[in-house]
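Trainee: Have a look at the structure that comes next, please.
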Amino acid sequence: MMYNLILFDTEAREHLLPLTATRPMAELRVGATTIREKWERALAGKASYITKDYLSTKYPIFVTDDNWLISAGILPTEKLVKRIQDLQINEALLLDDELVAARLSSKQIQNLVDDDAVDELEGLPLEASCTPPQIQRLWDLTRLNQDALLEDITYLTKERTSAPISDSNQVIGNGLLFVEEGVQMEACTINTSTGPVYLGKNTTIMEGCLLRGPVAVLEGAVLKMGAKIYGPTVIGPGCKAGGEITRSIMMANSNKAHDGFLGDSVLGEWCNLGADTNNSNLKNNYSEVKLWDYATNRFERSGSQFVGLFMGDHSKCAINTMFNTGTVAGIFANIYGAGFQRNFIPDFSWGGPDAGYRTYKLQEALETAALVMQRRGITLDETERTILEKVFENTETYRTWSKDKP
């Protein structure tokens with residue numbers, strides 16, 4: 001049967017800002033695929049969204065007579081999928097009194113959207129053995145990336161044959177190297193002894209690249225000459241990557257094309273890191289890293305020693321930029337200047353620690369975004385502009401240095 005899936009944002013979306021400022025939680029990439037793609041694969045269904053109103057035009061909800069509602073921060077597991085498949089109409093799975101999934105009629109979905117409540121719903125507790133991995137904080141994306149990546153590569157390559165590679169390349173280990181059609185790769189070294197390596201359709205892996213699995217380089221991405229990629233790392237569709245990258249996710253259409261280090265980090269879409277940009281992912285005293293949280297308006301303990309840079313869509317930094325351990329940069333942050341940057345750089349900010357900050361005027365930001373996207377053959381349409389205008393409005397409180405208006 002075809003499942004009609006509706007993936008709903010939870011309160012965790014506020015903790016996942018700035019990455020969720022421009023997309024529902026289900027569109028976050030962890031592993032080689034987004035959360036939505038994982039659920040569509042697991043249940044052989046088609047997914048839509050319950051998300052913030054200002055995102056709903058781009059990410060609408062689609063309702064049928066029979067709907068499977070699923071928390072968008074939860075990753076599918078075999079046991080959980082089986083429990084969801086067994087649900088009857090009016091039944092819901094609960095974990096610690098929080099909704100995990102439910103099977104609802106169109107009328108119940110409408111009541112949920114209108115009133116944030118559903119009547120006559122029977123709650124079924126989810127057994128501890130079925131407890132799924134969840135994305136609730138930014139650092140969960142990198143923490144769960146390896147397991148998600150291994151599962152994704154297994155699915156993407158199951159019962160399929162890899163395209164051949166040139167004899168100029170050296171493959172180390174007996175693990176999986178899977179190459180899709182259209183890959184260009186010469187004189188590279190791929191180590192599969194530490195995990196699989198997946199090269200998506202029409203990727204370009206330039207001479208001298210070193211890949212140590214598990215690694216996924218997704219459709220249309222480019223690795224520049226001599227890039228050093230340590231797993232678990234995902235280079236998203238349309239990205240350009242160079243220098244040294246470890247335990248990181250580049251979501252899509254972002255550039256880190258030059259030398260410099262990126263570790264334990266997540267870049268959104270349309271980001272650009274200038275040449276010789278580096279981030280710290282470990283404090284000098286090896287202590288636990290704290291990370292800015294939009295929901296609590298303070299720095300929160302991550303529970304980890306290794307936390308890098310989390311950058312929202314359309315943000316960019318100049319050459320030789322240095323990011324502190326555990327840095328959050330909002331969307332449309334234009335960052336430059338000597339010395340280490342602040343650990344939290346607000347959305348639509350322009351400047352750095354030495355020169356100070358001003359507001360990145362909305363119209364200026366949109367004009368730049370249109371030019372950047374046009375280079376990839378993508379138009380900044382009215383729907384996207386409306387989303388970005390709303391994010392500008394929502395984040396005004398963080399730009400304390402200025403009262404500039406768009």
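The values are calculated or read from the model by the stated rules, or taken from the named source; none is laboratory data. This is a predicted model, so every value here is computed, not measured. Methodologically, a virtual Cβ is constructed for each residue, glycine included, from the backbone with ideal geometry; neighbour enumeration extends over all protein chains shown.
Trainee: I'd like the full set of residues that are surrounded by fewer than 18 Cβ atoms within 10 Å (Cβ to Cβ) and either more than 22 Å from residue 105 (Cβ to Cβ) or under 23 Å from the mean Cα position of the chain (by Cα) (or both), limited to the range 62-80.
Mentor: Selection gives 77, 78, 79.
Residue-wise test of (1) closer than 17 Å to residue 314 by Cβ; (2) part of a strand (DSSP E or B); (3) in contact with a Ser or Thr (Cβ under 7 Å, 6 or more places away or on another chain); (4) touching a residue at least 40 places away in the same chain (Cβ under 8 Å).
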{"site": "245", "(1), (2), (3), (4)": "no, yes, yes, no"}
{"site": "251", "(1), (2), (3), (4)": "yes, yes, no, yes"}
{"site": "259", "(1), (2), (3), (4)": "no, no, no, no"}
{"site": "284", "(1), (2), (3), (4)": "no, no, no, no"}
{"site": "287", "(1), (2), (3), (4)": "no, no, no, no"}
{"site": "292", "(1), (2), (3), (4)": "no, yes, no, yes"}
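Trainee: Against the condition of a type outside the set (Gly, Ala, Ser) and crowded, with 19+ Cβ neighbours inside 10 Å, how does residue 103 come out, does it pass?
Mentor: Answer is yes for this residue.
Trainee: Scanning the range 186-213 for residues that are surrounded by fewer than 19 Cβ atoms within 10 Å (Cβ to Cβ) and under 24 Å from the mean Cα position of the chain (by Cα), which turns out nearest to residue 224 (Cα to Cα)?
Mentor: Among those residues, the one meeting the criterion is 204.
Trainee: Could you identify the single residue in 238, 268, 274 that is at positive phi and either surrounded by 23 or more Cβ atoms within 10 Å (Cβ to Cβ) or in the same structural domain as residue 377 (by TED's automatic domain parsing) (or both)?
Mentor: Of the residues listed, the single one that is at positive phi and either surrounded by 23 or more Cβ atoms within 10 Å (Cβ to Cβ) or in the same structural domain as residue 377 (by TED's automatic domain parsing) (or both) is 238.
Trainee: Just checking, how many residues over the range 139-181 are over 30 Å from residue 300 (Cβ atoms), in a loop (DSSP other than H, G, I, E, B) and touching a Gly at 6+ places or on another chain (Cβ under 9 Å)?
Mentor: 5
Trainee: Of everything in the range 370-399, what is over 19 Å from residue 345 (Cα atoms), under 21 Å from the mean Cα position of the chain (by Cα) and surrounded by 14 or more Cβ atoms within 10 Å (Cβ to Cβ)? Give them in sequence order.
Mentor: Once the filter is applied, which keeps residues that are over 19 Å from residue 345 (Cα atoms), under 21 Å from the mean Cα position of the chain (by Cα) and surrounded by 14 or more Cβ atoms within 10 Å (Cβ to Cβ), the range 370-399 yields 372, 373, 378, 380, 384, 385, 387.
Trainee: OK, next. Of the residues 91, 122, only one is charged (D, E, K, R) and surrounded by fewer than 15 Cβ atoms within 10 Å (Cβ to Cβ); which?
Mentor: Going through 91, 122 in turn, the sole match is 122.
Trainee: Only one of 152, 167, 147 is crowded, with 19+ Cβ neighbours inside 10 Å, out of contact with any Cys (no Cβ under 6 Å at 6 or more places or on another chain) and assigned by TED's automatic domain parsing to the domain that holds residue 246. Can you tell me which?
Mentor: That would be 152, the only listed residue that is crowded, with 19+ Cβ neighbours inside 10 Å, out of contact with any Cys (no Cβ under 6 Å at 6 or more places or on another chain) and assigned by TED's automatic domain parsing to the domain that holds residue 246.
Trainee: Has the range 324-331 got at least one residue that is modelled with pLDDT under 95, assigned by TED's automatic domain parsing to the domain that holds residue 281, in contact with a strand residue (DSSP E or B) (Cβ under 9 Å, 6 or more places away or on another chain) and not hydroxyl-bearing (Ser, Thr, Tyr)?
Mentor: Looking through the range 324-331, none of the residues is modelled with pLDDT under 95, assigned by TED's automatic domain parsing to the domain that holds residue 281, in contact with a strand residue (DSSP E or B) (Cβ under 9 Å, 6 or more places away or on another chain) and not hydroxyl-bearing (Ser, Thr, Tyr).
Trainee: Can you name the number of the only condition in (1) surrounded by fewer than 20 Cβ atoms within 10 Å (Cβ to Cβ); (2) more than 30 Å from residue 150 (Cβ to Cβ) that residue 85 fails?
Mentor: Condition not satisfied by residue 85: (2).
Trainee: Okay, moving on. Are any residues in the range 219-230 surrounded by fewer than 24 Cβ atoms within 10 Å (Cβ to Cβ) and either out of contact with any Pro (no Cβ under 7 Å at 6 or more places or on another chain) or on the phi < 0 side of the Ramachandran plot (or both), and if so, which ones?
Mentor: Once the filter is applied, which keeps residues that are surrounded by fewer than 24 Cβ atoms within 10 Å (Cβ to Cβ) and either out of contact with any Pro (no Cβ under 7 Å at 6 or more places or on another chain) or on the phi < 0 side of the Ramachandran plot (or both), the range 219-230 yields 219, 222, 224, 225, 226, 228, 230.
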